[in-house]
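Novice: Sharing a structure here in structure tokens format.
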Amino acid sequence: MPKRILQGTVVSDKGDKTVVVNVDRIYTHPVLKKTVRRSKKFHAHDEANAYHVGDLVRISECAPKSKLKRWEVIGHGSKG
């Protein structure tokens, strides 16, 4: 099964080797046909503590690394 890759913004880097990434998704409501924006936060593993608040990053699924971390940072995201 392929691993999901998501792109989001780092909203917290306070944990050691951990960043919290806010991922936005935009979809059309099935009944109202209106564009809806939803966001979710993911805890991701950042081995080198290289990313800081405001950075655009890409995260990938991985084996569980702790109670909350099931994702890891794979690099900088791209605008657009």
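The values are calculated or read from the model by the stated rules, or taken from the named source; none is laboratory data. Bear in mind that the values here come from a model prediction, so they are computed numbers and not experimental data. Neighbour counts are summed over all protein chains in view; Cβ atoms, including those assigned to glycine, are modelled from backbone coordinates with ideal geometry.
Novice: In the range 55-65, what count of residues is obtained for those that are touching a residue at least 24 places away in the same chain (Cβ under 8 Å) and over 12 Å from the mean Cα position of the chain (by Cα)? Walk me through how you get there before you give the answer.
Specialist: Of the range 55-65, the ones touching a residue at least 24 places away in the same chain (Cβ under 8 Å) are 55-62.
Still in the running and over 12 Å from the mean Cα position of the chain (by Cα): 62.
Within the range 55-65, residues that are touching a residue at least 24 places away in the same chain (Cβ under 8 Å) and over 12 Å from the mean Cα position of the chain (by Cα) number 1.
Novice: Looking only at the range 70-79, decide whether some residue is polar (S, T, N, Q) and at pLDDT 95 or above. Steps first, please.
Specialist: We begin by selecting, within the range 70-79, every residue polar (S, T, N, Q); these are 78.
Those still in the list that are at pLDDT 95 or above too: none.
No; the residues of the range 70-79 include none that is polar (S, T, N, Q) and at pLDDT 95 or above.
Novice: Follow-up. What's the total number of residues in the range 24-44 that are among the hydrophobic types (A, V, I, L, M, F, W, C) and exposed (fewer than 10 other Cβ atoms within 10 Å of the Cβ)? I'd like the intermediate steps shown before the answer.
Specialist: Step one: filter the range 24-44 for residues among the hydrophobic types (A, V, I, L, M, F, W, C), giving 26, 31-32, 36, 42, 44.
When the remaining residues are screened for being exposed (fewer than 10 other Cβ atoms within 10 Å of the Cβ), the result is 26, 31-32.
Residues meeting the conditions: 3.
Novice: Kindly check whether there is at least one residue in the range 54-66 that is farther than 19 Å from Ser78 by Cβ, assigned to a strand (DSSP E or B) and out of contact with any His (no Cβ under 6 Å at 6 or more places or on another chain). Outline the logic, then answer.
Specialist: First, the residues of the range 54-66 that are farther than 19 Å from Ser78 by Cβ: 61-66.
With the extra rule that they be assigned to a strand (DSSP E or B), the set shrinks to 61.
Okay, now just the ones that are also out of contact with any His (no Cβ under 6 Å at 6 or more places or on another chain), so 61.
Yes, because at least one residue in the range 54-66 is farther than 19 Å from Ser78 by Cβ, assigned to a strand (DSSP E or B) and out of contact with any His (no Cβ under 6 Å at 6 or more places or on another chain).
Novice: Moving on. I'm checking my understanding of the structure. Among residues of the range 24-53 that are in a loop (DSSP other than H, G, I, E, B) and β-branched (Val, Ile, Thr), which one is nearest to Gln7 (Cα to Cα)?
Specialist: So the first thing to find is which residues in the range 24-53 are in a loop (DSSP other than H, G, I, E, B), and the list is 29-34, 46-53.
After this cut, where a residue has to be β-branched (Val, Ile, Thr) as well, the list is 31, 53.
On the way: Val31: 27, Val53: 14 Å.
The selected residue is Val53.
Novice: A follow-up question, please. With among the aliphatic types (A, V, I, L, M), under 20 Å from Gly77 (Cβ atoms) and either touching a Gly at 6+ places or on another chain (Cβ under 8 Å) or without any contact (Cβ under 8 Å) to a residue 12 or more places away in the chain (or both) as the only criterion, which of Val36, Val23, Val31, Val11 stands out? Even if it seems obvious, please write down each step before you answer.
Specialist: On the way: Val36 fails: under 20 Å from Gly77 (Cβ atoms); Val31 fails: under 20 Å from Gly77 (Cβ atoms); Val11 fails: either touching a Gly at 6+ places or on another chain (Cβ under 8 Å) or without any contact (Cβ under 8 Å) to a residue 12 or more places away in the chain (or both).
Every option except Val23 fails the conditions.
Novice: Oh, and also: Please work out which residue is farthest from Val19 (Cα to Cα), limiting yourself to the range 46-80 and to residues that are exposed (fewer than 12 other Cβ atoms within 10 Å of the Cβ) and of a type in the set (Lys, Arg).
Specialist: Lys79
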